[in-house]
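Data first, discussion second: the structure below is written as C-alpha cells.
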Amino acid sequence: MARLREWLIRLWGTLGTPGTLGTLGILHRGRPGRSDRSDADLEQELRFHAELAAIGSGGVAQAMEALRDQRGLPWLQDLIRDVRHACRLLRRNPVFAGVAIASLAIGIGANGAMFSMADELILRPLPVSDPGAVVAVSSETLDRTSGSRLSYSNYHDLRDASRSFDGLLAYHTSSISFARSRQTVREMHLGMLVSDNFFSVLGVQPALGRTFTPEEGRVPGRDAGVVLGYDFWRNALAGDASILGATVWLNGIDFQVIGVTQATFTGIDPPLRPAFYVPIMMAERLSAVPSGSLENRAERTFAVKGRLKPGVAKARAQAELSSIWTALARQYPEANRNRVIAVRSGLEDRIQQDPVDTVAIGILMALAAIVLAIACANVANLMLGRGRARSREMAIRLALGVSRSRLLRQLLTESLLLALMGLALGLGVAYGGVRFLQTLPTSDQIVIAPQLDHRVFVFGLIAATASAVLFGLAPARQSLKTDLVPGLKTSEPGDAAGQRAIGRAVGRSLLVIGQIALSMVMLVATGMLLDGFRKAVALNPGFRTDRLIMLSTDTSLVRYTPAQTHAFYRDLVDHARALPGVASATLTSSIPFKVGDELTEGVIPEGYQFPQGQDHVSTAAAVVDERYFDTMQIALIRGRAFTANDSSDSRPVAIVNEEFVRTYWPGKDAIGRRLRVNAQWLEIVGITRTGKYTWIAETSMPFLYLPFAQHEQTGMSLLAETRNADPALLAAPLREVVRTLDGNQPVFNVQPFASLYYERAVAVPLMLMQLVGTMGLLGLTLALIGLYALVAYSVARRTREIGIRMAIGAASRDVLKMVLREGLLLSIVGIAVGGVACVAVARALTAALAGLGTPNPVTYVVVPAALVGLTMAATYLPARRAARVDPLVALRCE
C-alpha cells in the first residue's frame, strides 16, 4: 500500500502541470460510459488524487476548468456565449442597434438588387452541365474590333481537327413562322438552327422525346425534325404532351416534333429563350440563311461554342485552334485572310457581345457599393462612439484575465451579428428592388427576370461578412487599447485615455469626411447620369416617332421567287398608300431601335487606308425605298434621296450619314465618292444627319442606306404615316391589305412605332434614372445621418465644456455658431476631397457613356451647394440642443 501511495505521488508530479491535465482529461473521456460525467464526479476524483499526492487543494479549481475546456467544442461554446452577450448589448441599446441595422440593410439590400440584375444579364452561368467548361470560339479581325461568327465550313473543319474539346457546336438564331397546322394562323418566333451535337455537347436532356442524332447533321434539307423549347411548349402550347410526334408548320414546311427540352434549359444566349430548335442542315430549305451559305466560307453566319475536355486549359485550346486556323487561312486565303481565332470563357464572351449592358450594370453596381461603404462608415462611427462608453467594461474584462485576442473575437462577433441582422432586413430591401427591376420592358422571348434566389443570398452573405470586418475591425482595435488603471477609474481619464479619446474623435471625424466625400462623388455621378438620360429622352433621335404604324413580313416564309418578292412589296406599298387616313408609306429592312432588325454590311470606302491586317469594316445599314427619308422625316444635308430611277438596271448608289463621312473621308466632299459592298462599287449620292439607330444613348456611328430596288430583301417592314392621331386604327386595314395580296403571307410586329420607341428609348432610361436617383438619395441620407450622429455625440461629450463657456458669459448664439462651425468644417473638407475624386469619376463616366455627353458644369455648383445646405440642416438640431444647455446642470456632468 505504501508503494502504491508513493507511485501515485510520482505520477501526479508528472501530470500536475497544466499541459498534462489535458492528457488526463482525454484519458477520462476515453473510458466507456464516462463521457457525460458531472462536475461533481470530476471534483471528487481530483480531490482524491490531490490527497494521495499530498499536494493540497489549491489547484483543483484550475484543474476543473482545464478539464471542462477539454470536453465538447470550446470554440463553439465561446461563440455561443459571445452571441448571447452581443444580443444582450443590442437589447440594451435599441437606438444604436436600430440605426446600425437599418443602415446596413439599405446598403446590403441595394447591392443585392443590383447583383440580381448583373447575375441575370452577365454573371449567371449557362443552364447546362458543368458550364465552366463551355467556351466561345469566334473568328475576328486582327485588331479584334469586329467579327465573332464563323462560316459553317470553317466550323466543320475546326470541329473535325480539334482534340482539346469534347465537342464544338454551332448555332444561328432566326425568325421563323410557326403553326400547329396549315389551317391555323402562323406566328413569328425566334428559333435556333443548331448543329446535330448541340444538345449532347451541352449535356441537355429532353423532358419529352429525344434530341438530334448525328444522322440529322449530314444531309442538307432531309431531316425535318424540331425540338421545342420548354417555355414555348408550356406557354404557347399549354404543355400538351400529345404534340410529341405531331407535325407542325415552320416557314411553310412540315416538321415533326421529336422532343421538348428540359425545364432548366432556357437557352445558350441569355436573355433570349428560343421557341424551338431545328437542324442546321434545314437552314437553306427554311430560307433562314442565304442560299449556298453552308458551303461558302465567306458567309460567317454561325456562332460557335465548345466544351473543353477535362484537364484542358483554355490557353491550350486557343493554341490548338490557332494552329488549325493558320492552316485554313493558307488553304482558303480569300475567305480567311486577316482573321484570327479567339477562345473566350462564357463571362468574357457575354461582356464582349454586350458591352453596353456591361457598362450600365458596372455603373449601377459601383453606385450600390458606394451606398454600402457609406453605411459601413455610419456603423463604424456609431461603434467608435460606443467605444468610449465601453472602456470601463473592457478594462474590467482585462483585469479578470481575459486576453485581448479573446476580446477582439467577441467584438468582431458583435459586428458580425449586426451585419447578419442587416442582411436579414436587407433581403426585404433587395426584394423590393428586384420587383422593381422585373418591370423592365421585354418581349415574349427576351426574358429579363432577376430573382431573389440563393445566389443573391450568398452574395448578400459575403457582403455582410465583408461589411462586418470593414466597420468592426477599427472600433474593436480602438477598444482594446484601453489601459487597466485609467479604465477602471470612474473619474476623468488620464493622459493616455485622453489621447485615445482624441484619437477616437479624429477617427470619427475622418469617417464623416469620407462619407461626405463619397456622397459628393455619388451625387455628381448621379447628376451626370440623370442629366444625360434626361437629354437622351428629350433628344431628337433624327427621325419622327409620332403618327407611324409598323408592320413586318417575310416573303421567304412562303417560298417567293425574287420576282414575286419585288411585285409583292411594290403592291403592298401602293395599296397601303391608297388606304384612307394614310399620308405616306415606306419600306425598310431595319426599323430604328427594334431589336433583331439590325443589318450590317462589310464596307470598303474608296481611298481609305485600313490598319495592317484589316481589309474592310462592318457598318450598320438599312435597305429602304425612295419614300423612306420623307416618311421618317430624316434630314438630308447634301445630295439627294433615292428615287424610282435607282433601279436594278441603273448605276448602284448609296446614302451615308455625316459620321460615315467624318470617319472615312474627313474634311472631304463625299458626294460622288465610292464604296464597295459585296464586291460591288456604289456611288454616294446623299448625306444624312447622324441620328440614333439602335439605342438612344449610343455614340455617333457610321450608317449606310441602300436602295431597295438594287438590294432587295425578303424580310421587310412597312412604316405608314397616318393623318389622324391614333395609328393603331390602321392595324386592321393593313392586315387586310396583306391578306388580300396573299392570304398565306404571315404578318407580325404590327404596332404603333411610338410604342416601340417608348419602350426602347424612354421606358428603359426612365427606369435607370429612377434607380440612379434612388441610390443617390440613399447615399446622401446615410451620410447626413452619420454627420448628425457625430455632431450629436460631440455635443453630448462636451456638455460640461459648453456649460463652462456659458457660465463665463458665452451666449446661446455663440454656442450655436461653434457647433455649426464644426459641421461646416467637416462638410467643406469632405466636399474638397470628393471634388478631387469627382474629376476622375466624371472622366470615366464620359468615356463609358459617351452617348450621354459631357458633365454639365452646373452639377459642380449645385451638388456642393446642396451638400453644404443639407449638412448644415443635419447639424442644426444638435447645435440647437447645445445652445439650450442649462449651465448649472452642465457643470454637474462628469
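Taking 22 Å as R0, compute the FRET efficiency from the Cβ-Cβ separation of E801 and L824 and round it to 0.05.
E between E801 and L824, to the nearest 0.05, is 0.70.
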- [ ] Give the total of Lys-Lys pairs in the chain with Cα-Cα distances below 25 Å; include a pair only if its members are 8 or more places apart or on different chains.
- [x] 6
Task: Residues with amide H under 5 Å from that of L208, placed H, sequence gap 5 or more - done: V260
Open item on the list: Eigenvalues of the Cα gyration tensor times 5, then square-rooted: what semi-axes does that give for the range 771-849, in whole angstrom, largest first?
Closed with: 37, 14, 8
Task: Overall form of the range 596-714 per C-alpha gyration tensor (a/c, 1.5; a/b vs b/c) - done: rounded
Task: J(HN,Hα) series, the range 202-219, from Karplus relation 6.51 cos²θ - 1.76 cosθ + 1.60, nearest Hz, glycine and proline x - done: 6, x, 9, 9, x, 7, 9, x, 9, 10, 6, 10, x, 4, 7, x, 10, 10
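Please give me the summed charge of the neighbours of N645: other residues whose Cβ is under 12 Å from its Cβ, Lys and Arg +1, Asp and Glu -1. Don't skip to the answer; put the middle values down first.
Values: positive: R640, R651; negative: E626, D646, D649.
Taking every other residue near N645 into account, the sum is -1.
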Open item on the list: Run the helix sum for the chain: -39,500 (n - 2.57) per DSSP H stretch of 4+ residues, divided by residue count, reported at 222 nm to the nearest 500 deg cm²/dmol.
Closed with: -17000 deg cm²/dmol
Task: Per residue accessible area of the range 186-297, 1.4 Å probe, in Å² - done: 36 Å²
- [ ] Highest first, please rank the peptides 220-232, 643-655 by the mean number of other Cβ atoms sitting within 10 Å of their residues.
- [x] 220-232, 643-655
TODO: Run the numbers on the chain and let me know its relative contact order in percent, using alpha-carbon pairs under 8 Å that are six or more apart.
DONE: 14 percent
Task: Dimensions (Å) - the range 732-824, Cα atoms, principal axes, largest first - done: 100, 19, 15
Open item on the list: Could you work out the pair-distance distribution P(r) of the range 505-645 from its alpha-carbon pairs, with 10 angstrom bin width and percents rounded to whole numbers?
Closed with: 8, 22, 25, 18, 11, 8, 5, 2, 0
Open item on the list: Using only the alpha-carbon atoms, how far is helix 60-70 inclined from the longest principal axis of the chain? Give it as 0 to 90 degrees, nearest 10.
Closed with: 10 degrees
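If we count every other residue with Cβ under 14 angstrom of F212's Cβ, Lys/Arg +1 and Asp/Glu -1, where does the sum land? Please list the in-between numbers first.
Numbers: positive: R210, R218, R222; negative: D196, E215, E216, D223.
Within the 14 Å Cβ shell, the charges total -1.
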- [ ] Would you mind working out the magnitude of the charge dipole of the chain relative to its Cα centre, with +1 at each Lys and Arg C-beta and -1 at each Asp and Glu C-beta, to the nearest 20 Debye?
- [x] 4100 debye
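In a shell of Cβ-Cβ distance under 10 Å around A118, excluding A118 itself, what net charge do Lys and Arg (+1) and Asp and Glu (-1) give? All intermediate terms of the calculation are to be shown ahead of the outcome.
Working: positive: R124; negative: D119, E120, D357.
With Lys, Arg at +1 and Asp, Glu at -1, the net is -2.
Just to confirm, what accessible area per residue do you get for the range 576-702 at 1.4 Å probe, in whole Å²? Walk me through the intermediate numbers first.
Numbers: 5600 Å² over 127 residues.
Averaged over the residues of the range 576-702, the accessible area is 44 Å².
Just the ratio, please: alpha-carbon radius of gyration of the range 103-170 over 2.2 N^0.38 Å, N its number of residues. Show your work: numbers first, answer last.
Working: Rg = 18.6 Å, N = 68, 2.2 N^0.38 = 10.9 Å.
Compactness ratio reported: 1.70.
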Open item on the list: Which of the three applies to the range 379-476, rounded, prolate or oblate, going by the alpha-carbon gyration tensor with a ≥ b ≥ c and a/c under 1.5 meaning rounded?
Closed with: prolate
TODO: At 10 °C and 1.306 mPa s, grab the translational diffusion coefficient of the range 152-310 from Stokes-Einstein with a Kirkwood Rh over Cα pairs, rounded to a whole number in µm² per second.
DONE: 100 µm²/s
- [ ] Please report the relative contact order for the range 108-222, taking Cα pairs under 8 Å with a sequence separation of at least 6, and give it as a percent rounded to a whole number.
- [x] 18 percent
Open item on the list: Can you compute the charge dipole magnitude of the range 172-301 about its Cα centre, using +1 on each Lys and Arg Cβ and -1 on each Asp and Glu Cβ, nothing else charged? Give it in debye, rounded to the nearest 20.
Closed with: 140 debye
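Rounded if a/c is under 1.5, else prolate if a/b is larger than b/c, else oblate: which is the range 282-379, with a ≥ b ≥ c the root eigenvalues of its Cα gyration tensor? The partial results should precede the final answer.
On the way: a/c = 3.17, a/b = 2.02, b/c = 1.57.
Judged from the Cα gyration tensor, the range 282-379 comes out prolate (a/c at least 1.5, a/b above b/c).
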Task: Cβ crowding within 10 Å averaged over residues, with 233-243, 466-476, 200-210 ranked highest first - done: 466-476, 200-210, 233-243
TODO: Would you work out which of H575, L599, Q612 lies farthest towards the positive end of the dipole of the range 573-617, given +1 charges on the beta-carbon of Lys and Arg and -1 on that of Asp and Glu, about the Cα centre?
DONE: H575
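Given a 1.4 angstrom probe, I'd like the percentage of the accessible area of the range 635-759 that is carbon and sulfur, rounded to a whole number. It would help to have the intermediate numbers written out before the result.
Values: 2600 of 5620 Å².
The C+S portion of the solvent-accessible surface of the range 635-759 is 46 percent.
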- [ ] Per residue of the range 829-840, in order, report the coupling 6.51 cos²θ - 1.76 cosθ + 1.60 (Karplus, θ = phi - 60°) as ³J(HN,Hα) in whole Hz, putting x for Gly and Pro.
- [x] 4, x, 5, 5, 5, x, x, 5, 5, 5, 4, 5
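Defining a contact as two alpha carbons under 8 Å apart and six or more residues distant in sequence, what relative contact order in percent does the range 689-830 show? Please list the in-between numbers first.
Numbers: 29 pairs, mean separation 22.7, N = 142.
Contact order relative to length: 16 percent.
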TODO: Convert each backbone phi in the range 418-431 into a coupling constant with the Karplus relation 6.51 cos²θ - 1.76 cosθ + 1.60 (shift: θ = phi - 60°), then list the ³J(HN,Hα) values in order as whole Hz, x for Gly and Pro.
DONE: 4, 5, 5, 5, x, 5, 4, 6, x, 5, x, 5, 5, 4
- [ ] Enter the per residue convex hull volume of the range 190-257, computed from alpha-carbon coordinates, in Å³ rounded to the nearest integer.
- [x] 98 Å³
Open item on the list: What's the ranking of 601-612, 709-720 by average number of surrounding C-beta atoms within 10 Å, highest first?
Closed with: 709-720, 601-612
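The values are calculated or read from the model by the stated rules, or taken from the named source; none is laboratory data. Remember, predicted model here, so these are calculated numbers, not experimental data. Please note: Cβ atoms are built from the backbone with ideal geometry, for glycine as well, and neighbour counts cover all protein chains shown. Note: accessible area is taken over every heavy atom of the protein model, side chains too, but ligands, DNA and RNA are not part of it. Shrake-Rupley method; radii C 1.70, N 1.55, O 1.52, S 1.80 Å.
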